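The next block holds one structure in the form of structure tokens; read it before the comments.
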Amino acid sequence: MSPNGKLLATGGRDKTVKLWHVETQRCFQTLSGHIGRILSLAFSPDGTLLVSSGGDNWEMQKNADGRTSYFSDGDSPVDRTARVWEVATGENIATLETSGMVLGTAFSPDGKCLATGANNKTITLWCTKTWQPMTTLDTVSFESFAFSPDGSRLVIGGTWPEQRIQVWDVETRELIVALSGHKSDVESLAFSPDGRLLASGGFDGIIYLWDMTPYL
């Protein structure tokens, strides 16, 4: 959903991204270029840009018992890019090449930085003015990540057996602390508006609330 709530972006196994007017429920843009299924979508804070990421090419198959399963033949190309689109025109203004499938994308609150997280335990921070990489963080295998409201911190939720939460300083690119508690994948992360509280939801069925004051 766009920041003003008027647009919705969708993407799937057809390798395209569609932009919809929420009020009319009509698609007004179909964005093509990815060679793999769409894994993530993120609007810029001002709503003028959309970033999408591609992945592998899983095929759907109906089993004899009526159930649906997905498989990959291993030879299909894997999309290791994130594409930046101008919402108004549908123009692909930048294609960001990464070293792995981009599982997640997130803009910093001020829109000056884009984070892309790949399946090889790396998160790359990109300058949204030049679309050049600023740094790459070597992280845990992750399920989720989020910027703090002031953009100074990036938190990363790890997957089992590294199911800890890493807190990074965006400016210095240093790991501040790793928070342990979840027994399985950390699937979601959200800050309070003042950034002093972090909620984490895990596959273990537990939601933790963390005091972030010591790490600000």
- [ ] Read through the list (1) touching a Ser or Thr at 6+ places or on another chain (Cβ under 8 Å); (2) closer than 17 Å to Leu125 by Cα, then give the number of the only condition that Ala146 fails.
- [x] (1)
Open item on the list: So, Gln166, is that one more than 19 Å from Leu198 (Cα to Cα), at pLDDT 95 or above and among the polar types (S, T, N, Q) or not?
Closed with: no
Open item on the list: If the requirement is being buried (at least 17 other Cβ atoms within 10 Å of the Cβ), more than 25 Å from Ser44 (Cα to Cα), small (Gly, Ala, Ser) and under 20 Å from the mean Cα position of the chain (by Cα), which of these qualifies: Gly157, Gly202, Gly151, Gly117?
Closed with: Gly202
Open item on the list: Just checking: which of the strands (runs of 3 or more DSSP E) contained wholly in segment 1-79 hold 3 or more residues that are modelled with pLDDT of 95 or more?
Closed with: 7-11, 17-21, 26-31, 38-43, 49-54
Task: Number of the condition not met by Thr172 [criteria: (1) within 15 Å of Ile207 (Cα to Cα); (2) loosely packed, with under 14 Cβ neighbours inside 10 Å; (3) among the polar types (S, T, N, Q)] - done: (1)
Task: Members of segment 173-185 that are of a type outside the set (D, E, K, R) and either in contact (Cβ under 8 Å) with a residue 60 or more places away in the chain or assigned to a strand (DSSP E or B) (or both) - done: Leu175, Ile176, Val177, Ala178, Leu179
Task: All positions within segment 93-114 that are part of a strand (DSSP E or B) and either surrounded by 14 or more Cβ atoms within 10 Å (Cβ to Cβ) or touching a residue at least 60 places away in the same chain (Cβ under 8 Å) (or both) - done: Ala94, Thr95, Leu96, Val102, Leu103, Gly104, Thr105, Ala106, Phe107, Cys113, Leu114
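Yes/no per residue for (1) over 23 Å from Thr105 (Cβ atoms); (2) outside any loop (DSSP other than H, G, I, E, B); (3) touching a helix residue (DSSP H, G or I) at 6+ places or on another chain (Cβ under 9 Å):
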| residue | (1), (2), (3) |
| --- | --- |
| Val167 | no, yes, yes |
| Glu171 | no, no, no |
| Ala190 | no, yes, no |
| Pro193 | no, no, no |
| Gly205 | yes, no, no |
| Leu209 | yes, yes, no |
TODO: May I ask you to list the residues in segment 125-165 that are in contact with a Gly (Cβ under 7 Å, 6 or more places away or on another chain) and aliphatic (A, V, I, L, M)?
DONE: Val140, Ile165
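The values are calculated or read from the model by the stated rules, or taken from the named source; none is laboratory data. Bear in mind that the values here come from a model prediction, so they are computed numbers and not experimental data. Glycine gets a Cβ as well: all are built from the backbone with ideal geometry, and neighbour counts include every protein chain shown.
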